[in-house]
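Below you'll find the structure, written out as structure tokens, and then a few comments.
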Amino acid sequence: MAEIDDVVRELRTEIESADIGSPDAAETFRIKYLGQKRGLINDLMKRIPEVAPGQRRDFGQSVNALKKLAESRVAAAKKAAEAAPGAAKFDVTLPGREPLVGSLHPITQTRNAILRIFERYGFHVAEGPELEDEWHNFTALNFPSNHPARDMQDTLFVSPSDDGDSGVLLRTHTSPAQIRILKNQPPPVRVVVPGRVYRNEAITYKSYCLFHQVEGLYVDTQVTLGDLHYILRTFSRAIFGSDVRMRFRPNYFPFTEPSAEVDIWFANPDHPGGGRWLEILGCGMVDPNVLRAVDIDPEVYSGYAFGMGIERIAMLRYGIDDIRVLYENDVRFLDQF
Ligand code: DAH
């Protein structure tokens, strides 16, 4: 018992004289004496069986007093740290910090705007793979086997092949999605397919090695060129405004017959002629050979298809004259959207 009294006395001296001027020292002190698991005061309390039964009450009281003392020293140290000059204080007069708010990329915003318009006319949204095979990207779309677009110069091949069908490539357009959809679902089919496409092109202000398209496809009985003209006129008005001027210009694509391109008139007083026509998409009536490739009878069904460049439309919408800024992710540019 004499020994345990000595321990109490020593602890008291230690606790009274410990230097706990810094917050770190105060925390070390707290753990050492008041810690739940290994704190010296708790340890001492556990030795109560060593104390003669008649003295246990006094012992308990003196250990409790030690605990109170240690606690009051920690509390005092905390108060002193808070009052110290330079201690961090909460200044309620400071203006708030503006939270960083992200925004959708202009390409995403334009893609969404395009999809929303077609959804109003009953088009579903679908997707296709970016890694394609030659059959879907070219052959089934009626590209002849010697078509120059198949060339290594235009197409980024992952693994070329000799048979013209099984080579693997990064899709050069979203049109192969037409084939995948028609193989999976009998007509009527009415879809738009947004996606990224790749071409082995020199990077300039107007072309990039990757870009985005939205493909459209409608196959049913009795779909006509008039339906195609109607939907594209409606689309152009919705995206560019009701006073838009558009024109259909005959063109050639292997997978449509007849084929056309749609141009939009952009007035510009600085331009000779007061403005210029800019192409925004290719389109046409689905070629019977394409329907045959997916076992759909062209005598029963017909369809139209179109494919538009999202970057082209975004650039016209926002007045951007260099496609590369859409890929540089410069925050000063992106902040404007
Ligand atoms: N796939 C063509 C391209 O990448 C665009 C296109 C033209 C898509 C006519 C079509 C279409 O669906 O009918 O340039």
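The values are calculated or read from the model by the stated rules, or taken from the named source; none is laboratory data. Everything numeric here is computed off the predicted structure, so don't read it as measured data. Counting neighbours? That spans all protein chains shown, and the Cβs are built from the backbone with ideal geometry, glycine included.
Among ASP91, ASP151, ASP162, which is the only one that is modelled with pLDDT under 95, surrounded by fewer than 19 Cβ atoms within 10 Å (Cβ to Cβ) and within 25 Å of ILE280 (Cα to Cα)?
The unique qualifying residue is ASP151.
In the set ALA267, ALA238, which member is away from the ligand (no atom under 11 Å from the Cβ), surrounded by fewer than 16 Cβ atoms within 10 Å (Cβ to Cβ) and in the same structural domain as ILE296 (by TED's automatic domain parsing)?
ALA267
Since ARG233 meets every condition but one in (1) exposed (fewer than 13 other Cβ atoms within 10 Å of the Cβ); (2) in a helix (DSSP H, G or I), which condition does it not meet?
Condition not satisfied by ARG233: (1).
I need the full set of residues from the range 270-323 which are within 16 Å of the ligand (Cβ to nearest atom), of a type outside the set (Val, Ile, Thr) and within 20 Å of ARG196 (Cα to Cα), in order please.
Passing the criteria: GLU279, LEU281, GLY282, CYS283, ALA305, PHE306, GLY307, MET308, GLY309, GLU311, ARG312.
Select from the range 303-319 the residues that are without any contact (Cβ under 8 Å) to a residue 40 or more places away in the chain and either assigned to a helix (DSSP H, G or I) or in contact with a strand residue (DSSP E or B) (Cβ under 9 Å, 6 or more places away or on another chain) (or both) and list them in ascending order.
Taking the range 303-319 and keeping what is without any contact (Cβ under 8 Å) to a residue 40 or more places away in the chain, we get 312, 315, 319.
Residues satisfying the conditions are ARG312, MET315.
So is GLY122 modelled with pLDDT of 85 or more, in the same structural domain as ALA314 (by TED's automatic domain parsing) and exposed (fewer than 13 other Cβ atoms within 10 Å of the Cβ) or not? Step through it out loud before you land on a result.
Working: modelled with pLDDT of 85 or more: yes; in the same structural domain as ALA314 (by TED's automatic domain parsing): yes; exposed (fewer than 13 other Cβ atoms within 10 Å of the Cβ): yes.
The answer is yes for GLY122.
Could you tell me how many of the residues in the range 241-261 are in contact with a helix residue (DSSP H, G or I) (Cβ under 6 Å, 6 or more places away or on another chain) and either more than 10 Å from the ligand (Cβ to nearest atom) or not assigned by TED's automatic domain parsing to the domain that holds PRO144 (or both)?
2
I need every pair where a residue in the range 70-82 that is in the same structural domain as LEU40 (by TED's automatic domain parsing) has its Cβ under 7 Å from the Cβ of a residue that is assigned to a helix (DSSP H, G or I) and basic (Lys, Arg), sequence separation at least 6 or different chains.
VAL74/ARG30
Here are THR174, THR139: which of them is closer than 25 Å to MET285 by Cβ, among the hydroxyl-bearing types (Ser, Thr, Tyr) and under 26 Å from the mean Cα position of the chain (by Cα)?
None of the other options fit; the residue is THR174.
Any chance the range 171-194 includes a residue that's more than 10 Å from the ligand (Cβ to nearest atom), over 18 Å from GLU127 (Cα atoms), touching a residue at least 40 places away in the same chain (Cβ under 8 Å) and not in a strand (DSSP E or B)?
No: zero hits.
When you go through VAL219, VAL300, VAL262 one by one, which is the residue that is among the β-branched types (Val, Ile, Thr) and assigned to a loop (DSSP other than H, G, I, E, B)?
Criteria check complete, one pass: VAL300.
Residues in the range 227-235: is at least one at pLDDT 95 or above, closer than 20 Å to LEU182 by Cα and near the ligand (Cβ under 10 Å from one of its atoms)?
yes
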